[in-house]
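No lab work stands behind these numbers, since they all come straight from the coordinates. These numbers come from a predicted model, not from an experiment. Every residue, glycine as well, gets a Cβ built from its backbone with ideal geometry; the counts of neighbours run over all protein chains shown.
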Amino acid sequence: MCISASLYSEHVLDGELATMQDTNDHVMANIQRDGTYSVVPRIAGGEITPEGLVVIGEVARDFGLYTKITGGQRIDMFGARLEQLPDIWRRLVDAGFESGQAYGKSLRTVKSCVGQTWCRYGVQDSVGMAVQLELRYRGLRSPHKLKFGVSGCARECAEARGKDIGVIATEAGWNLYVGGNGGFTPRHAVLFAEGLDDDGLLRAIDRFLMFYIRTADRLQRTAPWMQDYEGGLEALKGVVFDDTLGIAEDLDRAMAAHIDNYEDEWAATLADPEKLKRFQSFVNAPDTADPTLAYVSERGQPRPATAEERTSGAVFIGGTTLAVRS
Ligand code: SF4
């Protein structure tokens, strides 16, 4: 499934594909414990304009959503009802945002530090590289989620070595690390190549990722895949840098096709009345909100009410678009 999704880059809700998706992919949002969804626009490299921040703030305020900065340097908005998702996304897409694919087995974020642009220790433009990487690999479906980090010097403020793909700037170029992750079994990424220029870095990541996508098991992250790979790290370096399997051109072509075919899933959904039909809480009452939702205010924002709060009556019933009682 992940191989097909990566090879053909079709819309996640196209035809038969829609029936193959898990809950989150099915509505392009992350379901939460009370049955509402969270919304995560892409903030490439963690860089956002003041105007972009204002739009996200206004959307969250107008729909009564709880907001939180994520570990991946973006902003998550919680408490959206299914039927609100298209209206929320219309506002975001109109302002230039696109899906952050927080719901997908795909590239999530490229975390970066400010690098040499602002930091006196920086030796390369880590934000510029992070944005370039995020825009290159956005939407890439893979066996598991993919996280990147780019640090502007060896001090490693972006924690790049805790990511599947970690890039650290040196005076000589970019050092590439692969196979890091957090989660249940934290792993440090290992050094894969040193002193790469921009093109060399992109080519190495293109091949590494496409080879991973084609050969890893479903839900296998990069670290266990590398561990299982016959010949280990040296063999993988051979595939990427010395074309030992004779497939480098094919891997390059596949990644180029992915980049060329990228489209924002939410913008495409908003333009397709058929796809929009799935965003209803009740099929026989499409404009009706789920009446079982209940919220209380905490630290100035809404959160789902506990069972005790529901019985005590100190809640708002009917969804988060109601003003929050403090
Ligand atoms: S990693 Fe280096 S360049 Fe980046 S913020 Fe930290 S000290 Fe500055």
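Peptide packing for 220-227, 122-129 was compared via the average number of neighbouring C-beta atoms within 10 Å per residue; ordered from the highest value, the list is 122-129, 220-227. Derived scalar couplings between HN and Hα for the stretch 177-183 equal 10, 9, x, x, 6, x, x Hz in order, rounded to whole Hz, by the Karplus curve 6.51 cos²θ - 1.76 cosθ + 1.60 (θ = phi - 60°), x for Gly and Pro. Candidates P291, Y262, L201 compared by Cα position along the dipole of the chain: farthest toward the positive end lies P291, with charges placed on Cβ.
Antiparallel versus total DSSP beta bridges in the chain: what percent is that, nearest 5? Display every interim value, and only then the final one.
On the way: 28 of 36 bridges.
Looking only at bridges with both residues in the chain, the antiparallel portion is about 80 percent.
Of the Cα atoms belonging to the chain, the radius of gyration and Dmax stand at 21.2, 68 Å. Separation of the alpha carbons by more than 29 angstrom is noted, of K105/K237; K68/K105; K111/K275; K147/K277; K163/K275, for K111/K275; K147/K277; K163/K275.
Entry note, the chain: relative contact order of 17 percent, from Cα contacts under 8 Å with a spacing of 6+ residues.
Spin-label pair T311-F241: with each label point 7 Å from Cα along the Cα-Cβ axis, the two points sit 6.5 nm from one another.
Dividing the summed helix terms, -39500 (n - 2.57) for each DSSP H run of n ≥ 4, by the number of residues in the chain produces a 222 nm estimate of -10000 deg cm²/dmol to the nearest 500.
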